[in-house]
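The values are calculated or read from the model by the stated rules, or taken from the named source; none is laboratory data. Just so it is clear, the structure is predicted and the values come from calculations on it, not from any experiment. Here Cβ is always computed from backbone atoms with ideal geometry, including for glycine, and neighbour counts include all displayed protein chains. What goes into the accessible areas is simple: the full protein's heavy atoms, side chains included, and nothing from ligands, DNA or RNA. Shrake-Rupley method; radii C 1.70, N 1.55, O 1.52, S 1.80 Å.
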Amino acid sequence: YKRTEEGKQYPIRCRRLPDREDSEEILLDLNALAAGRGFVSLDAFAISDDHQLLAYTIDFVGFRQFTLQVKDLRTGALLSDTFPRVTGVEWAASNHTLFLTTEDEVTKRSDTLWRLPLGGEAQELYREPDERFELELRKSRDKKFLFLKSESTDTTEVHCLRADAPESPWTVFLPREPKHRYYIGHHEDRFFIRTNKPGKNFAIVTAPESDPAPANWTTLVPHRVDTLIEGIDLFRSFAVSIERAEALTHLRVHDFATASWRSIPFPESVYSVSP
């Protein structure tokens with residue numbers, strides 16, 4: 001979590017044990033980092049799966065050029081691993097390998113994927129050749145997969161990698177097709193895909209991890225002409241479909257155990273809600 005203190009300009013990033021109010025640990029105090037400087041901005045903030053290392057990106061200039069730093073949370077020391085112009089950071093499950101995306105120096109387009117083993121040399125894995133597309137890196141909520149999304153205005157393509165196999169090659173989930181936009185999540189042994197293949201308002205389909213080809217897709221939330229599906233959030237025992245209809249956002253909850261749906265009610269006739 002993050003908190004602020006009166007008289008200080010920047011937030012303080014912290015954590016504590018769930019059952020210990022007195023166990024707060026300061027992970028990153030931006031006020032301390034800003035001492036003697038006129039500006040500081042934090043972008044990426046990723047903690048390793050073993051909770052011992054923090055990878056973050058920082059800008060002290062204001063040009064939105066973020067540099068990677070890695071902090072040992074056991075000692076508070078910064079590691080020697082650093083990298084310029086980073087746009088995204090995620091950890092492999094091994095806790096000693098980072099994946100990074102970086103931007104072009106001239107266009108500031110996020111266009112290159114790297115693998116950085118701590119204490120080693122970074123290896124370039126992929127460079128997006130099409131100037132209409134930008135790269136975005138993220139990890140699935142269950143921490144099983146890394147996703148590299150390449151996206152233009154109306155088209156996406158996603159590359160996948162198991163988080164516990166950082167040396168393996170990334171694979172294309174579904175090759176890009178003009179005007180096809182799709183977004184992926186993972187739960188247990190299935191992928192969840194939000195796709196506009198059935199229609200412009202999107203549908204949610206699932207696919208087995210063993211063979212996620214479109215021939216094996218199963219519809220979870222069908223396309224509807226009067227409802228835009230804005231996203232789906234996956235949790236251990238349920239999923240939340242974020243939908244917009246009649247100018248309002250609606251949240252519907254799917255229980256995995258019973259395969260049932262329920263809506264979260266809001267008493268107001270006009271409201272704003274976001275997950």
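Taking Ile229, is it part of a strand (DSSP E or B), touching an Asp or Glu at 6+ places or on another chain (Cβ under 8 Å), modelled with pLDDT of 95 or more and open to solvent by less than 40 Å² (accessible area, probe 1.4 Å)? Yes. The one condition from (1) free of Cβ contacts under 8 Å to residues at least 24 places away in the same chain; (2) β-branched (Val, Ile, Thr); (3) part of a loop (DSSP other than H, G, I, E, B); (4) farther than 30 Å from Pro198 by Cα that Thr153 does not meet is (4). Tallying residues that are surrounded by fewer than 16 Cβ atoms within 10 Å (Cβ to Cβ) and within 21 Å of Phe133 (Cα to Cα) within the stretch 176-226 yields 5.
The set of residues in the stretch 163-179 being free of Cβ contacts under 8 Å to residues at least 24 places away in the same chain and assigned to a strand (DSSP E or B) consists of Thr171, Val172. I need every pair where a residue in the stretch 5-20 that is over 17 Å from Gly36 (Cα atoms) has its Cβ under 6 Å from the Cβ of a residue that is part of a loop (DSSP other than H, G, I, E, B) and open to solvent by less than 60 Å² (accessible area, probe 1.4 Å), sequence separation at least 6 or different chains. As it stands, the answer is Arg16/Ser23; Leu17/Ser23, since those pairs meet every condition given. Does Thr57 count as at pLDDT 95 or above, open to solvent by less than 40 Å² (accessible area, probe 1.4 Å), of a type outside the set (Phe, Trp, Tyr) and in a strand (DSSP E or B)? Judged against the criteria, Thr57 is a match. Reported count of residues in the stretch 86-105, each being surrounded by fewer than 20 Cβ atoms within 10 Å (Cβ to Cβ), over 18 Å from Lys71 (Cβ atoms) and modelled with pLDDT of 95 or more, is 2. Restricting attention to the stretch 10-31, the residues being surrounded by 10 or more Cβ atoms within 10 Å (Cβ to Cβ), outside any strand (DSSP E or B) and within 27 Å of the chain's Cα centre (by Cα) number 7. All conditions but one from (1) touching a Ser or Thr at 6+ places or on another chain (Cβ under 8 Å); (2) without any contact (Cβ under 8 Å) to a residue 24 or more places away in the chain; (3) part of a loop (DSSP other than H, G, I, E, B); (4) not hydrophobic (A, V, I, L, M, F, W, C) apply to Gln69; the one that does not is (3).
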